[in-house]
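What follows is a short report on a single structure.
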Amino acid sequence: MKVLQNDLFLRTLKNEKTERTPIWVMRQAGRYLPQYRAVREKADFITMCKTPELAAEVTIQPVDLIGVDVAIIFSDILVIPEAMGLEFLMNEGTGPVFPNPIRTASDINRIHEFDPTDRLKYVLDAVSLTVKELDGRVPLIGFSGAPWTLLTYMVEGKGSKNFSRIKEFVYRERKTAHKILEMLTNVIISYLKAKVAAGADVVQVFDTWGSILSPTQFEEFSKPYIKRIVDELKSVAPVIVFAKGVNYNFSKLAELGANAYSFDWTVDLAAVKREIGDKAVVQGNLDPTILYASHDDIRSEAAALLGSLDNGNGHIFNLGHGILPDVKPENLKALVDYIKVDSHKFHK
Ligand code: 1CP
């Protein structure tokens with residue numbers, strides 16, 4: 001059994017009454033830290049993902065340098081399509097690319113389910129090494145992309161502006177889309193279970209591109225698959241779901257049965273928290289660009305968010321999306337310090 005010096009994040013996820021609000025930020029292991037860029041100068045992104053010593057080093061940097069309450073393993077959501085057999089490149093400047101994306105029904109023959117303890121052993125090794133090096137200071141989050149978001153990248157081949165390829169695919173190849181979503185769900189479940197077995201305390205599912213679906217499409221192409229992941233994982237670890245931009249009906253989202261839901265900055269977190277009630281914890285949701293502001297303004301935005309909630313319990317502080325690469329680390333530190341020192345005032 002792991003003994004944690006700081007288990008505030010885990011107690012909050014159980015919806016227990018706590019002394020203050022825990023804080024971490026998405027993409028906290030990333031380019032805004034000069035110490036991350038120093039490691040990245042020596043190795044490309046994929047090498048960093050595939051070398052447990054480097055992945056562990058950058059995972060722990062924000063714990064040491066910023067003082068966040070939880071670590072998130074350095075990796076990427078796109079390691080799954082690669083492990084399914086889809087060639088993956090990380091181009092400097094333009095970002096991740098699948099040069100031969102899925103476009104027709106027969107393309108399903110180019111991908112396969114896999115055993116994560118074999119194809120993604122390097123991630124599991126990074127998780128166990130990180131847990132060892134953290135030595136119980138804070139818990140560790142393991143993550144995956146949601147089936148829908150991974151299918152979006154597999155069909156588009158890269159990030160997109162209007163998502164015409166994936167939309168065309170689900171209209172023209174609906175059956176194949178569901179077959180691939182099914183395959184992705186199976187591998188995500190075994191991958192996340194393997195991450196927990198390797199020492200991750202919590203899992204987060206990122207559905208970044210849930211936002212491009214209409215409410216009916218979300219019910220068809222995303223929600224049932226995330227639901228199956230939550231159902232399978234919940235007995236082994238708490239589950240956080242971040243369905244970015246899926247803001248049409250929070251009580252319907254809460255039907256997923258996750259322990260917590262993360263929200264972007266376009267929603268009123270207090271209203272969401274009232275709607276979800278005791279069913280789950282909420283995570284979020286400052287606009288990431290607030291970290292360009294002065295320390296005083298950062299603190300007052302954070303205070304306004306905390307003050308808007310009836311009670312600080314049941315809330316994990318985070319940004320509404322990833323921290324931007326040109327933010328000054330001391331600005332994030334000012335936010336984290338403020339939450340650690342002052343958020344107790346909002347706990348009843
Ligand atoms: O140094 C670099 O050049 C790489 C930049 C980078 C980093 C630091 C990428 C490429 N991925 C990551 C790490 C990463 N990605 C983490 C690590 C843990 C953390 O500190 O949070 C996580 C959780 C992710 C998840 C991820 N990757 C998502 C879901 C969350 C989100 O941001 O919406 C997505 C959509 C990706 C794809 C991806 N990977 C990298 C980039 C630039 C992108 C976006 C591509 C695009 O849509 O154009």
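The values are calculated or read from the model by the stated rules, or taken from the named source; none is laboratory data. If you're wondering where the values come from, they're calculated on a predicted model, not measured in any experiment. All Cβ positions, glycine included, derive from the backbone under ideal geometry; neighbour counts span all protein chains shown. Accessible surface is based on the protein model in full, side chains and every heavy atom, while ligands, DNA and RNA are left aside. Shrake-Rupley method; radii C 1.70, N 1.55, O 1.52, S 1.80 Å.
Listing for the model above:
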read-out	value
Test: residue in region 99-110 that is more than 23 Å from Ala29 (Cβ to Cβ) and within 16 Å of the ligand (Cβ to nearest atom)	yes
Residue count for region 156-188, restricted to those that are open to solvent by less than 20 Å² (accessible area, probe 1.4 Å) and away from the ligand (no atom under 13 Å from the Cβ)	10
Condition check for Val123: within 30 Å of Ile339 (Cα to Cα) and not acidic (Asp, Glu)	no
Cross-chain or 6+ apart pairs with Cβ under 9 Å, region 33-44 first and touching a residue at least 24 places away in the same chain (Cβ under 8 Å), then among the charged types (D, E, K, R) and near the ligand (Cβ under 10 Å from one of its atoms)	Asp44/Glu92
Residue that is farthest from the ligand (Cβ to nearest atom), among those in region 264-276 that are under 19 Å from the mean Cα position of the chain (by Cα) and part of a loop (DSSP other than H, G, I, E, B)	Val267
Any hit, region 121-137, residues being assigned to a loop (DSSP other than H, G, I, E, B), within 15 Å of the ligand (Cβ to nearest atom) and surrounded by 15 or more Cβ atoms within 10 Å (Cβ to Cβ)	no
Number of positions in region 228-254 that are within 23 Å of Arg11 (Cα to Cα), of a type in the set (Val, Ile, Thr) and within 16 Å of the ligand (Cβ to nearest atom)	4
Residue that is closer than 25 Å to Ile80 by Cα, open to solvent by less than 10 Å² (accessible area, probe 1.4 Å) and charged (D, E, K, R), where the choices are Lys195, Lys223, Lys244, Lys227	Lys195
Of all residues making up region 260-294, the number that are among the hydroxyl-bearing types (Ser, Thr, Tyr) and open to solvent by 10 Å² or more (accessible area, probe 1.4 Å)	4
Any hit, region 174-188, residues being over 24 Å from Val79 (Cα atoms) and of a type outside the set (D, E, K, R)	no
Qualifying residue in region 18-40 (condition: within 14 Å of the ligand (Cβ to nearest atom) and over 30 Å from Lys340 (Cβ atoms))	no
Residue among Phe206, Phe218, Phe250 that is open to solvent by less than 10 Å² (accessible area, probe 1.4 Å) and either at pLDDT 95 or above or within 24 Å of Val282 (Cβ to Cβ) (or both)	Phe218
Residue within region 72-79 that is under 25 Å from Pro325 (Cβ atoms), more than 11 Å from the ligand (Cβ to nearest atom), out of contact with any Lys or Arg (no Cβ under 7 Å at 6 or more places or on another chain) and assigned to a helix (DSSP H, G or I) present	no
Residue list for region 11-26, restricted to those being closer than 20 Å to Val239 by Cβ, basic (Lys, Arg) and touching a residue at least 60 places away in the same chain (Cβ under 8 Å)	Lys14
Any hit, region 38-50, residues being in contact with a helix residue (DSSP H, G or I) (Cβ under 9 Å, 6 or more places away or on another chain) and in a loop (DSSP other than H, G, I, E, B)	yes
In region 9-37, the residues that are open to solvent by 50 Å² or more (accessible area, probe 1.4 Å) and either closer than 20 Å to Leu324 by Cα or part of a helix (DSSP H, G or I) (or both)	Arg11, Arg27, Arg31, Pro34, Gln35, Arg37
Residues being away from the ligand (no atom under 14 Å from the Cβ) and surrounded by fewer than 16 Cβ atoms within 10 Å (Cβ to Cβ) - total across region 302-336	7
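Here is a yes/no grid of residues against (1) closer than 13 Å to Leu150 by Cβ; (2) in contact with a helix residue (DSSP H, G or I) (Cβ under 9 Å, 6 or more places away or on another chain); (3) not in a helix (DSSP H, G or I):
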site	(1), (2), (3)
Glu53	no, yes, no
Ile60	no, yes, no
Glu82	yes, yes, no
Met90	no, yes, yes
Gly93	no, no, yes
Pro96	yes, yes, yes
Asn100	no, yes, yes
